[in-house]
Amino acid sequence: MAQLQRLAINAAKISNKSIDLSVEQQHYLHRVLRLQTGEKFIAMDGRGHWWLAVLEAQETGLIASIIEEIPVDKELAVEVSLMAALPKGNGFDEVVRQATELGVASIVPVTSDRTLLKPSPQKVDRWRRIAAEAAEQSERQFVPTILEPISFDLAVKDCGQKYRYICVARGDNRHLWDCLISLEPPQPPLVRGEPGLEPPQPPLVRGEPGFDPPQPPLVRGEPGLEPPQPPLVRGEPGFDPPQPPLVRGEPGFDPPQPPLVRGEPGLEPPQPPLVRGEPGLEPPQPPLVRGEQEFDSAFVGAVPPCPPPGGELSIVIAIGPEGGWTEGEVKRAIEFGFEPVSLGSRILRAVTAPIVALSLVGTIFEKS
């Protein structure tokens, strides 16, 4: 099916295995893609369904008839949302296009303290068209949801994803890779016929090989029954009478020793504490966070730790505008459960950082 053209459609336009094509879609299929009546293409509703369809002509124009549904599995094993501050000019167009190709589930345009762009409703419609076109081109099952632009404060407050990261250009923050690598994608349960699935076994019944009938308890006089033995008394072989404690002068008695005093052999004088720069000084280590060895569940730090693996995987990554997030924005994000992360030692442009972040997600969670 890879050689067939793809078209994103609205599921509401499907009726009785027939697709009602808009005038624009008819023009696109017939004039742009040069499809003729009777030729096939792939219709995708952007909600996970693909259909093999054939182009047909009617008096009112072109329609498409559905032949069959196509099973497809092309999405990431993680639901990732991009919370991106709007850059200058038309840079967000490319962010939407490439984020869609990389498997993003939703995009939240945000206005921040350093945002200059004030998008119009026409801009949002354009981004949604770009997302649909990019989903067609990259053979996505889903068209990402492009939300209406909102303020940064409202976006972080209403964030519902389980794992939350905000990319900060400077500072000693953990790399996003280190946070993501500890997350394991959820595994579907094994089904009948898959390797590794052990079918339930019925209990053995009397007469089958391996059946071991229950044995009644042994009674007095039967072979193998050990009668209870009374405790040994003084004079019987094996009896060990209790020994009184040793007293001064008896062999083996070790009298207590007085503590050592200054000048006596073996006394170690107290050592002053090491100072910065001296050999052997261990610098203070940051507290362990969840997922590291010896994690202390009572630790509550200023920076929320990466959550443990398991459960439904939903991730949000916040990318700032030109100039990055302000200190106040980072602080407010931390208050709502975001962890500041790094994308590397270089300063990335506002339209480059989302691609780097989503590429890391795809590298870790992409299905083979």
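Here, each number is a calculation from the coordinates, and none is a lab measurement. As the structure is a computational prediction, the values presented were derived from the model and not from experiment. A quick note on method: Cβ atoms are made from the backbone with ideal geometry, for glycine too, and the neighbour counts reach across all protein chains shown.
Mind listing the long-range amide H neighbours of residue 175? Cut-off is under 5 Å, sequence gap 5 or more, other chains count too, H placed in the peptide plane at 1.01 Å from N.
Those qualifying (amide H under 5 Å, at least 5 residues apart or on another chain) are 342.
For the stretch 93-103, take each phi angle, set θ = phi - 60°, evaluate the Karplus expression 6.51 cos²θ - 1.76 cosθ + 1.60, and give the result in whole Hz per residue in order, putting x for glycine and proline.
4, 6, 4, 4, 4, 6, 5, 5, 4, 8, x
In whole angstrom, how far apart do the alpha carbon centroids of the stretch 111-153 and the stretch 325-343 sit?
22
Please identify the GluC sites (Glu not before Pro) of the stretch 5-109 that satisfy two criteria: DSSP loop assignment and at most 10 other Cβ atoms within 10 Å. Which are they? Show your work: numbers first, answer last.
Working: sites: 24, 39, 56, 59, 68, 69, 75, 79, 94, 101; in loops: 39, 59, 75.
Hits after loop and neighbour filter: 59.
Excluding same-chain residues fewer than 8 positions from residue 40, which lysines have a Cα within less than 23 Å of its Cα?
Straight-line reach from residue 40, under 23 Å: 13, 17, 74.
Testing the spin-label approximation: label points 7 Å from Cα along Cα→Cβ at residue 69 and residue 177. State their distance in nm.
Taking the two extended label points, one gets 4.0 nm.
Could you give me the ³J(HN,Hα) list for the stretch 116-124, computed from phi with Karplus coefficients 6.51, -1.76, 1.60 and θ = phi - 60°, whole Hz, x at Gly and Pro?
9, 7, 10, x, 9, x, 5, 5, 4
Just to confirm a number: summing +1 for Lys and Arg and -1 for Asp and Glu over residues other than residue 62 whose beta-carbon lies under 15 angstrom from that of residue 62, what do you get?
Numbers: positive: 13, 31, 34, 40; negative: 20, 24, 39, 56, 59.
For residues surrounding residue 62, the net value is -1.
For the residue pair residue 236 and residue 331, what label-to-label distance in nm results when each label sits 7 Å from Cα along the Cα-to-beta-carbon direction?
8.0
Check the straight Cα-Cα distances from residue 331 and name the lysines below 26 Å, setting aside those fewer than 8 residues away within the same chain.
Within the straight-line limit of under 26 Å, residue 331 reaches these lysines: 88, 118, 157, 162.
Taking the Cα-to-Cβ direction at residue 10 and at residue 250 and moving 7 Å from each Cα, how far apart do the two end points lie in nm?
10.1
Could you tell me the calculated FRET efficiency between residue 22 and residue 211, based on Cβ-Cβ distance and R0 = 51 angstrom, to the nearest 0.05?
Details: r = 70 Å, r/R0 = 1.38.
Step by step, r from the Cβ atoms, then E = 0.15.
Just to verify a number: FRET efficiency for residue 56 and residue 114, C-beta to C-beta distance, R0 = 56 Å, to 0.05? If you can, show how the numbers build up before the last one.
On the way: r = 53 Å, r/R0 = 0.94.
It comes to 0.60.
Could you tell me which of rounded, prolate or oblate describes the stretch 21-93, using a ≥ b ≥ c as the square roots of the eigenvalues of the alpha-carbon gyration tensor, with rounded for a/c under 1.5 and, failing that, prolate when a/b is larger than b/c and oblate otherwise? The partial results should precede the final answer.
On the way: a/c = 3.47, a/b = 1.57, b/c = 2.21.
Because a/c hits 1.5 or more and a/b fails to exceed b/c, the stretch 21-93 counts as oblate.
Quick one: which residues, 5 or more positions from residue 72 or on another chain, have an amide H under 5 Å from its amide H? H modelled 1.01 Å from N in the peptide plane, none for Pro or chain starts.
Under 5 Å from the amide H of residue 72 lies no amide H from a residue far enough along the sequence or on another chain.
Using DSSP to call loops (not H, G, I, E or B), can you name the trypsin sites (Lys or Arg not before Pro) in the stretch 90-190 whose Cβ has at most 12 other Cβ atoms within 10 angstrom? Provide the component values of the computation, followed by the final result.
On the way: sites: 97, 114, 123, 126, 128, 129, 140, 157, 162, 164, 170, 174; in loops: 114, 140, 162, 170.
Sites meeting the loop and neighbour criteria: 170.
Gain in length, residue 34 to residue 148, computed as 0.36 nm per residue apart minus the alpha-carbon separation, to one decimal in nm?
Numbers: separation 114, 0.36 × 114 = 41.04 nm, distance 3.49 nm.
Here the segment from residue 34 to residue 148 would lengthen by 37.5 nm.
Below 15 angstrom from the Cβ of residue 340, what's the summed charge of the other residues (Lys, Arg +1; Asp, Glu -1)? Don't jump to the answer; show the numbers that get you there.
Details: positive: 164, 170, 174, 331, 332; negative: 172, 178, 327, 329, 335, 339.
Around residue 340, the charge tally is -1.
Taking 0.36 nm per residue of sequence separation and subtracting the Cα-Cα distance, how much length would be gained by fully extending the chain between residue 229 and residue 204, in nm to one decimal?
Details: separation 25, 0.36 × 25 = 9.00 nm, distance 3.87 nm.
So the chain would gain 5.1 nm between residue 229 and residue 204.
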